[in-house]
Structures are given as C-alpha cells and as structure tokens.
Amino acid sequence: MPSQEYQSYIQLLNDCGAECKRCIDAGLNSADFGRLVRCIKLCTDCTLACALVASLLQADSENVGRASAFCAEVCELCAQESARFDLAACQRVAAACHRCAAECRRKKQAFAPPA
C-alpha cells in the first residue's frame, strides 16, 4: 500500500480519536453527565482503538488487519451510542465514527494477515 494511503488512513483514525476526545470533554462538562456515561466510555474505547491501529500502521505490523476489524466494531458501537444524544459533539462523533468504521472494514481486507 502506498505511503500516501497509509497517511490518509492514519489521519482518519487520528481525526476520529480527536472527535471522541472532544465528545468526552463535552460529556464530562454536561449537565446530562449521568446519561452520557456509556457514551463517554465508548468514546474512550474508540480513541484507544484508533490510536492502536495508527500505531500498528506506523510500526508496519502484520496485525493491522486484525486491529482494523476490532476498531470498526468499537467505532460502530460508539457511533450508535453517540447518535442517541443531541449534543453537537455527540453528533460529530457519530459521523466521524461511521466514517472511520467504514474505512476500517475496508482496510481489514487490505491488511489481511499472511497465510
């Protein structure tokens, strides 16, 4: 895979993680904090999953495909939970996570582990 494609994927992962961090901050400062606990936890998980895939890409790991499959699942859960709330940060994270999950599903095939 060309270097530019690696960089585009890493940027998408970083963007998703950044949106999740903004959503965590908004949730922690919200009067609705009690209702947002699961959303905050899933945003934390998503941030970590995206960072893992980006780190594995940079290390040229053979586990990028496996990690991408996991990241897609975590991003989907985060998107579904975030979409339930009217906070602008939650809506932005839902969109970012949907984009990231779709790309992670595509990349898991491109980075399939060797047989």
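For the range 19-28, the criterion of being exposed (fewer than 14 other Cβ atoms within 10 Å of the Cβ) and assigned to a helix (DSSP H, G or I) is met by at least one residue.
Checking each residue in the range 33-42 for being farther than 18 Å from GLU76 by Cβ and surrounded by 14 or more Cβ atoms within 10 Å (Cβ to Cβ) picks out only LEU36.
A count restricted to the range 74-115 and to residues that are in a loop (DSSP other than H, G, I, E, B) and not small (Gly, Ala, Ser) stands at 7. On inspection, ALA112 fails the criterion of being at pLDDT 95 or above and among the small types (Gly, Ala, Ser). A search for C-beta distances below 6 Å between a residue of the range 71-98 that is farther than 20 Å from VAL53 by Cβ and any residue that is among the hydroxyl-bearing types (Ser, Thr, Tyr), counting only pairs 6+ apart in sequence or on different chains, returns CYS90/SER82. Sub-7 Å Cβ pairs linking a first residue in the range 46-65 that is under 15 Å from GLU103 (Cβ atoms) to a second residue that is hydroxyl-bearing (Ser, Thr, Tyr), at least 6 apart or interchain, are VAL53/SER68; LEU57/TYR6; LEU57/TYR9, ordered by first then second residue.
May I ask you to verify whether SER55 is of a type in the set (Ser, Thr, Tyr), buried (at least 24 other Cβ atoms within 10 Å of the Cβ) and assigned to a helix (DSSP H, G or I)?
Values: of a type in the set (Ser, Thr, Tyr): yes; buried (at least 24 other Cβ atoms within 10 Å of the Cβ): no; assigned to a helix (DSSP H, G or I): yes.
Answer is no for this residue.
Whenever a residue of the range 1-19 is closer than 15 Å to SER68 by Cβ, its partners that are at pLDDT below 95 and among the charged types (D, E, K, R), lying with C-beta atoms within less than 8 angstrom and at least six residues away or across chains, give the pairs TYR9/LYS107.
The values are calculated or read from the model by the stated rules, or taken from the named source; none is laboratory data. From a predicted model like this one, the values you see are computed outputs, not experimental measurements. Methodologically, a virtual Cβ is constructed for each residue, glycine included, from the backbone with ideal geometry; neighbour enumeration extends over all protein chains shown.
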